[in-house]
């Protein structure tokens, strides 16, 4: 499949923005080529074979959670069930009094960069109802959301089979009770916030395998504390997959609140939420079965996630080096009317490019890459053509990126 127009534009800018830090592109391409559509299908089929993953069925989702613990353990991930009890009124089913079963797997870091971690998550439960919102006993949930769980499991497989090591802990999470109101992710995010945990990024995948035509697209829903992540995610998706990333405008981003990443955002954590652009016609129905999905597209979604994992957890196996520290960054005047002055310090000589993004992740200014010397550097950007609003100014070196918020009056 050819790269679509947006992807071509993004890749054309790659010489200005660099690749994922300083890794050898051959290394990451080799890893991404190992992601297997049949492996993803196996997980989807296994989850569909439970016949229902509705969280309030008799016994709940304990057997589903046990299955996922075993799959993660098989890939060298230390996993356990993190159960919790929930009571209260629910919009769909009335009063709830039930045990729920999250799954948490941990891949410890090697030579840690800092005390932050990366979460890759998806909800394990499913729901099915008819046009009158009457619940159905068969809730296969192949796309919603066995597809997201399958991505998580596939990344665990790739990490294990390549003996990948990372500089941040990776937490593989499967959440119960999402369909009832993000129960599992709220439980986990709030517990992490109370414990003072630091999360570099939460990668959320929810409905990522329905793609009925050749125009492959994915929606990347964003949160206002992580606009730079959305931009970086789009760049990575376009560079390493045949999928056109679409970052919705602020007015089109309301669906960001309807999946597990929103619970993390509510606790102050940074997250990105991937969902298929063409919405499944089998949503929340008995027809959401495995053969409705496009597993080549699904595999590309997994490749995007693997590249993001390498970027934010910092694998030591694929040539990622330490960031050349971009420090003492200062932009002025801020708010700006016409000319923005950008000042920063480099610890070593490095190619540097500067780009400005609006809040949808769209690049509105782009300064080509130039080699700059260690020490204090300056540049000036013309903001006069831009409308008033909030922007993100990114200073990108060969090994990292520094982002600063700028207000245009």
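The values are calculated or read from the model by the stated rules, or taken from the named source; none is laboratory data. In this text the structure is predicted, and so the values were computed from the model without any measurement. Backbone-built Cβ (ideal geometry, glycine too); neighbour counts: all protein chains shown.
Consider residue 249 carefully, then state whether it is assigned by TED's automatic domain parsing to the domain that holds residue 306, under 21 Å from residue 40 (Cβ atoms) and surrounded by fewer than 21 Cβ atoms within 10 Å (Cβ to Cβ). In short, no. Being more than 18 Å from the chain's Cα centre (by Cα) and touching a residue at least 60 places away in the same chain (Cβ under 8 Å) is true for just one of 205, 163. Which residue is that? 163 is the lone residue from the list that is more than 18 Å from the chain's Cα centre (by Cα) and touching a residue at least 60 places away in the same chain (Cβ under 8 Å).
Residues that are within 25 Å of residue 70 (Cα to Cα), within 13 Å of the chain's Cα centre (by Cα) and buried (at least 22 other Cβ atoms within 10 Å of the Cβ) occur in the stretch 122-130; there is at least one. Out of 232, 244, 225, 255, one residue alone is modelled with pLDDT of 95 or more and either in the same structural domain as residue 185 (by TED's automatic domain parsing) or within 13 Å of the chain's Cα centre (by Cα) (or both). It is 255. Taking the stretch 389-409 as the range and being at pLDDT below 85 and assigned to a loop (DSSP other than H, G, I, E, B) as the test, the residues that pass are 397, 398, 399, 400. List, please: which pairs have Cβ atoms under 9 Å, are six or more places apart or on different chains, and start with a residue in the stretch 285-298 that is without any contact (Cβ under 8 Å) to a residue 12 or more places away in the chain and end with one that is surrounded by fewer than 18 Cβ atoms within 10 Å (Cβ to Cβ)? Within 9 Å, the pairs are 287/281. Note on the stretch 374-399: among residues that are out of contact with any strand residue (DSSP E or B) (no Cβ under 7 Å at 6 or more places or on another chain) and in contact (Cβ under 8 Å) with a residue 24 or more places away in the chain, the one that is surrounded by the most Cβ atoms within 10 Å (Cβ to Cβ) is 399. Within the stretch 208-232, the set of residues being in contact (Cβ under 8 Å) with a residue 60 or more places away in the chain and out of contact with any strand residue (DSSP E or B) (no Cβ under 8 Å at 6 or more places or on another chain) comprises 212, 213, 214, 224. No other residue among 148, 76 is crowded, with 23+ Cβ neighbours inside 10 Å, at pLDDT 95 or above and either out of contact with any helix residue (DSSP H, G or I) (no Cβ under 7 Å at 6 or more places or on another chain) or in the same structural domain as residue 179 (by TED's automatic domain parsing) (or both) apart from 148.
Quick grid of which residues meet (1) more than 24 Å from residue 164 (Cβ to Cβ); (2) touching a strand residue (DSSP E or B) at 6+ places or on another chain (Cβ under 7 Å); (3) touching a residue at least 24 places away in the same chain (Cβ under 8 Å):
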position: 56; (1), (2), (3): yes, yes, yes
position: 63; (1), (2), (3): yes, no, no
position: 72; (1), (2), (3): no, yes, yes
position: 83; (1), (2), (3): yes, yes, no
position: 96; (1), (2), (3): yes, yes, yes
position: 109; (1), (2), (3): no, yes, yes
position: 118; (1), (2), (3): no, yes, yes
position: 122; (1), (2), (3): no, yes, yes
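What about residue 96, is it assigned by TED's automatic domain parsing to the domain that holds residue 264 and closer than 18 Å to residue 206 by Cβ? Considered against the rule, which asks whether it is assigned by TED's automatic domain parsing to the domain that holds residue 264 and closer than 18 Å to residue 206 by Cβ, residue 96 comes out as no. Of the set (1) surrounded by fewer than 20 Cβ atoms within 10 Å (Cβ to Cβ); (2) farther than 20 Å from residue 169 by Cα; (3) modelled with pLDDT of 95 or more, all apply to residue 133 but (3).
Screening the stretch 33-52 for residues that are touching a residue at least 40 places away in the same chain (Cβ under 8 Å) and either over 25 Å from the mean Cα position of the chain (by Cα) or over 25 Å from residue 304 (Cβ atoms) (or both) and picking the one that is surrounded by the fewest Cβ atoms within 10 Å (Cβ to Cβ) gives 51. Of the residues examined, residue 283 is not one that is more than 17 Å from the chain's Cα centre (by Cα), over 21 Å from residue 176 (Cβ atoms) and in the same structural domain as residue 45 (by TED's automatic domain parsing).
If you go through the stretch 292-337 and pick out every residue that is closer than 16 Å to residue 33 by Cα and modelled with pLDDT of 90 or more, you end up with 16.
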